[in-house]
Amino acid sequence: MTALEKLFSLEGKVVVVTGGAQGIGRVVAQKIAEVGAEIAIFDVQGEKAKVAADEIAKATGKKVTAFEVDVTDPDAVKVAIEKAGAEMGTLDLLFNNAGIVLHKSAKEVTPAEWLKVIDVNLNGVYYVASEFAKYLIANGKKGSIVNTASMSGHIVNWPQEQASYNTSKAGVIHLTKSLAVEYCKDGIRVNSVSPGYMYTELTCHVRQDWQDRWMDLTPMERYGQPEELAGGVIYLLSDAASFTNGSDLVIDGCFSCV
């Protein structure tokens, strides 16, 4: 193993990836496996998660398992972490990525719709991070958690109206900082990544005029690819980031710079 490979290696680690059945989670999970980790995918789409796990295992030769989990159910999250720890032998790292988006104005969004977005994107991130940290502490382990926030936690997107999503992701950024301070004494680091417009299932099917506007507003004039997030996530999970804690890494093609 070269010095560079050693610096960023996740060899011998077991990583939980939430929302790993598709999109960013699916792609980054495979990249994490390619640098040595075994993977436990958590996703509410159980069958799709199993397909993703089988594909990643075949491509990388690493052990990859899938668990059907609703991250908004704290009891289910606790059970899944215990089950994954037993099946994988241990758990070390968490890419806390599950999320949804609703393009609906604050004038039109219903209370139930608002609560659903907050529940998945913010409460779900908290439930998984909290139970994962409890697992590490109970087992006398150090570890690292990377939450998926968004540039939408820093700026207000346009032309789509999505106050529920923006609010949830701003909450993830501050939750990340708060948990980092609380857990650092336990040897657990907590950071986040804030993607810009990435070409995934959440973006590729929306109105074309919106997509055109997004590209006009992005100085790099293109979508990011999920693969372009993987390096940031791997860095934050790895020992290379041992003094990086409570940080948010914005990966948005300069969108939030202008």
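The values are calculated or read from the model by the stated rules, or taken from the named source; none is laboratory data. Nothing here was measured: the structure is a model prediction, and the numbers come from that model. All accessible areas refer to the heavy atoms of the entire protein, side chains included, with ligands and DNA or RNA removed. Shrake-Rupley method; radii C 1.70, N 1.55, O 1.52, S 1.80 Å.
Let me understand the stretch 205-246 better: what is its radius of gyration from the alpha carbons, and its Dmax, in angstrom?
That works out to 15.4, 43 Å for Rg and Dmax.
Can you list the residues, at least 5 places off or on another chain, whose amide H is less than 5 Å from the amide H of Leu249, using H built in the peptide plane?
Amide H to amide H, under 5 Å and 5 or more residues apart or across chains, Leu249 pairs with Ser192, Val193, Ser194.
Rounded to whole Hz and in sequence order, give me ³J(HN,Hα) for the stretch 84-91 from the Karplus expression 6.51 cos²θ - 1.76 cosθ + 1.60, θ = phi - 60°, writing x for Gly and Pro.
Per residue, the Karplus-derived 3J(HN,Hα) values read 5, x, 5, 6, 8, x, 5, 9 Hz.
Can you tell me the accessible area per residue over the chain, all protein chains present, probe 1.4 angstrom, in square angstrom?
Working: 11940 Å² over 258 residues.
Ligands and nucleic acids excluded, the result is 46 Å² per residue.
What value does the stretch 34-140 have for Rg/Rh, both radii from Cα atoms and Rh as Kirkwood defines it? Let's see the in-between values first.
Values: Rg = 15.5 Å, Rh = 15.0 Å.
We get a ratio of 1.03 for the stretch 34-140.
Pairs Lys141/Lys185; Lys13/Lys63; Lys58/Lys134; Lys6/Lys83; Lys6/Lys50: which exceed 23 Å Cα-Cα? Intermediate values should be presented prior to the final figure.
Numbers: Lys141/Lys185 12 Å; Lys13/Lys63 11 Å; Lys58/Lys134 32 Å; Lys6/Lys83 30 Å; Lys6/Lys50 30 Å.
Cα-Cα > 23 Å for Lys58/Lys134; Lys6/Lys83; Lys6/Lys50; rest within.
Roughly how many percent of the accessible protein surface of the chain is carbon and sulfur, given a 1.4 Å probe and a whole-percent answer?
Values: 6580 of 11940 Å².
Taking all protein chains in place, the chain shows 55 percent carbon and sulfur surface.
Short version: ³J(HN,Hα) in whole Hz for each residue of the stretch 24-40, in order, from phi by Karplus 6.51 cos²θ - 1.76 cosθ + 1.60 (θ = phi - 60°), x for Gly and Pro, what are they?
Values per residue, Gly and Pro as x: 4, x, 4, 5, 5, 4, 5, 5, 4, 5, 5, 9, x, 7, 8, 10, 10 Hz.
Based on the Kirkwood radius over alpha-carbon pairs, what value in µm²/s does the Stokes-Einstein equation return for the translational diffusion coefficient of the chain at 4 °C and 1.567 mPa s? Intermediate results must be reported in sequence, preceding the final value.
Numbers: Rh = 18.3 Å.
Answer from the Stokes-Einstein relation: 71 µm²/s.
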